[in-house]
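To start, the structure itself, in structure tokens.
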Amino acid sequence: MGGPAILFYAGGMTLHFPAPGPLLPVPPAPSPLAAAMALAESRETFFPRDLRAHLDGGYFEAPPDNTVIGPVAPRGGPNGLVLQHGKVVGGWGDTRQTDMTFSVAKSYLSLLAGIAVGDGLITDLDEPVAASVSHPAFAGSQNSPVTWRMLLQQTSEWEGSLFGKSERIDRGRNLSSEGKGKGANRPLSAPGDHWEYNDVRVNALSLALLHRFGRPLPQVFAERIMAPIGGSADWVWDGYETSWVEIAGEKLHSVPGGGHWGGGVRMHAEDQARIGLLMLADGVWDGQRVLPEGWVAASTTPCELNGDYGLLWWLNAGGRLAGAPLTGFYAAGAGGNTIWVEPTQSLVVVARWLHPESAGEVLQAIHAAI
């Protein structure tokens with residue numbers, strides 16, 4: 001039945017995960033929570049199991065802009081975890097199923113930006129990236145004023161192409177109607193004057209962080225985030241076929257902040273739960289500060305141009321997830337991938353392949369049950 005439980009500790013909180021296998025040894029959930037989790041499992045995403053066919057079919061955009069340039073893996077079934085006060089109180093599906101996370105990876109880039117700040121590699125979020133990164137991507141009248149904060153808040157209005165993808169592909173993007181009405185030649189505003197969810201601009205942030213660290217971001221993520229929080233080795237963060245760059249004479253792979261064109265992070269729910277707990281505990285794990293002091297607060301402070309967005313973390317203060325507590329914040333990826341963190345109830349919920357239209361309803365049911 002999956003073996004005996006193994007205990008981990010997160011900032012004084014006990015975290016129960018089973019030995020390899022599905023989350024079976026967890027005690028039966030109280031009836032209302034069991035019903036809420038059954039609801040989650042019944043509301044499977046509309047994304048097909050064959051994710052490559054979905055991308056090739058033009059879900060995000062029409063050909064040729066939708067050309068896949070990174071690895072894509074089929075997905076498994078819906079699964080998830082509910083944790084309160086650091087303990088697993090319920091779960092559904094196979095929580096060690098390693099799947100694509102899509103834009104959840106953007107929030108992982110935010111964690112790495114925090115590490116860069118703590119290490120002094122970024123001395124001021126409001127300093128132009130060009131002040132410390134020498135690369136054509138941050139030259140010119142439009143891009144040289146772009147700051148780290150603008151990239152993290154998605155207000156940069158960065159212009160150009162990276163790794164064969166132009167930021168024009170995501171101009172005018174509406175997350176509630178993917179693949180429709182975007183790509184228009186919208187006149188750009190000054191950097192910092194317009195909020196827009198744009199994957200190419202997030203990839204520009206990733207490239208800039210690669211230059212500052214001087215080594216592959218997945219290595220930094222493994223050593224500085226996953227190792228301290230007891231994460232597994234079951235995840236990967238893939239780049240594109242086209243995203244190899246040379247830094248100080250070394251060929252390095254720049255990784256994207258999502259799976260829009262393939263690549264990105266594949267990870268299971270149990271590792272994602274640890275990341276949620278790290279955010280819940282203000283960046284501290286088992287008494288060790290992993291993220292610099294103040295980074296979680298900065299990440300969850302609303303952007304002036306979008307009150308539902310912080311530093312690559314979504315906020316629910318405006319009720320974006322209808323029915324869910326307004327005090328929560330979350331990482332979100334296409335297809336219904338969510339790491340939900342709600343401090344007032346000390347709650348972390350990881351949901352994989354939950355229909356996006358049901359996310360608020362499911363979270364509301366879980367909170368009511370807790």
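Give me the residue from region 128-149 that is of a type in the set (Val, Ile, Thr) and under 15 Å from Val202 (Cβ atoms) and, out of that set, surrounded by the most Cβ atoms within 10 Å (Cβ to Cβ).
Residues of region 128-149 of a type in the set (Val, Ile, Thr): 129, 133, 146-147.
Narrowing further to those that are under 15 Å from Val202 (Cβ atoms): 129, 146-147.
Working: Val129: 27, Val146: 25, Thr147: 21.
So, considering only residues that are of a type in the set (Val, Ile, Thr) and under 15 Å from Val202 (Cβ atoms), the one surrounded by the most Cβ atoms within 10 Å (Cβ to Cβ) is Val129.
Looking at Phe46 and the list (1) part of a helix (DSSP H, G or I); (2) in contact with a His (Cβ under 9 Å, 6 or more places away or on another chain); (3) among the hydrophobic types (A, V, I, L, M, F, W, C); (4) over 18 Å from Asp94 (Cα atoms), which single condition is not satisfied?
Checking Phe46 against (1) part of a helix (DSSP H, G or I); (2) in contact with a His (Cβ under 9 Å, 6 or more places away or on another chain); (3) among the hydrophobic types (A, V, I, L, M, F, W, C); (4) over 18 Å from Asp94 (Cα atoms), the one that fails is (1).
Determine, yes or no, whether Asp94 is closer than 30 Å to Ser161 by Cβ, touching a Pro at 6+ places or on another chain (Cβ under 9 Å) and either among the acidic types (Asp, Glu) or modelled with pLDDT of 95 or more (or both). Walk me through how you get there before you give the answer.
Values: closer than 30 Å to Ser161 by Cβ: no; touching a Pro at 6+ places or on another chain (Cβ under 9 Å): yes; either among the acidic types (Asp, Glu) or modelled with pLDDT of 95 or more (or both): yes.
In short, no.
Has region 266-278 got any residue that is of a type outside the set (A, V, I, L, M) and either on the phi > 0 side of the Ramachandran plot or in contact with a helix residue (DSSP H, G or I) (Cβ under 6 Å, 6 or more places away or on another chain) (or both)? Lay out the reasoning, then the answer.
Step one: list which residues in region 266-278 are of a type outside the set (A, V, I, L, M), which gives 266, 268, 270-272, 274, 276.
Add one more test, that the residue is either on the phi > 0 side of the Ramachandran plot or in contact with a helix residue (DSSP H, G or I) (Cβ under 6 Å, 6 or more places away or on another chain) (or both), and what stays is none.
Among the residues of region 266-278, not one is of a type outside the set (A, V, I, L, M) and either on the phi > 0 side of the Ramachandran plot or in contact with a helix residue (DSSP H, G or I) (Cβ under 6 Å, 6 or more places away or on another chain) (or both), which makes the answer no.
Within region 253-286, track down each residue that is modelled with pLDDT of 95 or more and assigned to a loop (DSSP other than H, G, I, E, B).
Residues satisfying the conditions are Ser254, Val255, Pro256, Gly257, Gly258, Gly259, Trp261, Gly263, His268, Ala281, Asp282, Gly283.
What number goes with the only condition from (1) part of a loop (DSSP other than H, G, I, E, B); (2) of a type outside the set (D, E, K, R); (3) within 24 Å of Asp124 (Cα to Cα) that Ala317 does not pass?
(3)
Kindly provide the set of residues from region 238-277 that are surrounded by fewer than 23 Cβ atoms within 10 Å (Cβ to Cβ) and aromatic (Phe, Trp, Tyr), ordered by number.
If the condition is that a residue be surrounded by fewer than 23 Cβ atoms within 10 Å (Cβ to Cβ) and aromatic (Phe, Trp, Tyr), then Trp244 is the only one that fits.
Being closer than 17 Å to Gly114 by Cα, of a type in the set (A, V, I, L, M, F, W, C) and without any contact (Cβ under 8 Å) to a residue 40 or more places away in the chain is the requirement here; does Ala297 meet it? Can you show your working first?
Numbers: closer than 17 Å to Gly114 by Cα: yes; of a type in the set (A, V, I, L, M, F, W, C): yes; without any contact (Cβ under 8 Å) to a residue 40 or more places away in the chain: yes.
Against the criterion (closer than 17 Å to Gly114 by Cα, of a type in the set (A, V, I, L, M, F, W, C) and without any contact (Cβ under 8 Å) to a residue 40 or more places away in the chain), Ala297 qualifies.
Pick from Leu291, Leu326, Leu312: which is under 30 Å from Thr67 (Cα atoms) and in a loop (DSSP other than H, G, I, E, B)?
On the way: Leu291 fails: under 30 Å from Thr67 (Cα atoms); Leu326 fails: under 30 Å from Thr67 (Cα atoms).
The match here is Leu312.
Can you report the number of residues in region 186-231 which are among the hydroxyl-bearing types (Ser, Thr, Tyr) and either surrounded by 19 or more Cβ atoms within 10 Å (Cβ to Cβ) or touching a strand residue (DSSP E or B) at 6+ places or on another chain (Cβ under 9 Å) (or both)?
First, the residues of region 186-231 that are among the hydroxyl-bearing types (Ser, Thr, Tyr): 189, 197, 206.
Filter once more, keeping what is either surrounded by 19 or more Cβ atoms within 10 Å (Cβ to Cβ) or touching a strand residue (DSSP E or B) at 6+ places or on another chain (Cβ under 9 Å) (or both): 197, 206.
The number of residues fulfilling the criteria is 2.
With respect to Gly86, determine if the residue is touching a Gly at 6+ places or on another chain (Cβ under 8 Å), at pLDDT below 95, surrounded by 15 or more Cβ atoms within 10 Å (Cβ to Cβ) and within 30 Å of Trp285 (Cβ to Cβ). Steps first, please.
Values: touching a Gly at 6+ places or on another chain (Cβ under 8 Å): yes; at pLDDT below 95: yes; surrounded by 15 or more Cβ atoms within 10 Å (Cβ to Cβ): yes; within 30 Å of Trp285 (Cβ to Cβ): yes.
Yes.
The values are calculated or read from the model by the stated rules, or taken from the named source; none is laboratory data. Since the structure is predicted, the reported quantities are computational estimates derived from the model, not experimental observations. With ideal geometry, Cβ positions are generated from the backbone for all residues, glycine too; neighbour counts draw on all protein chains shown.
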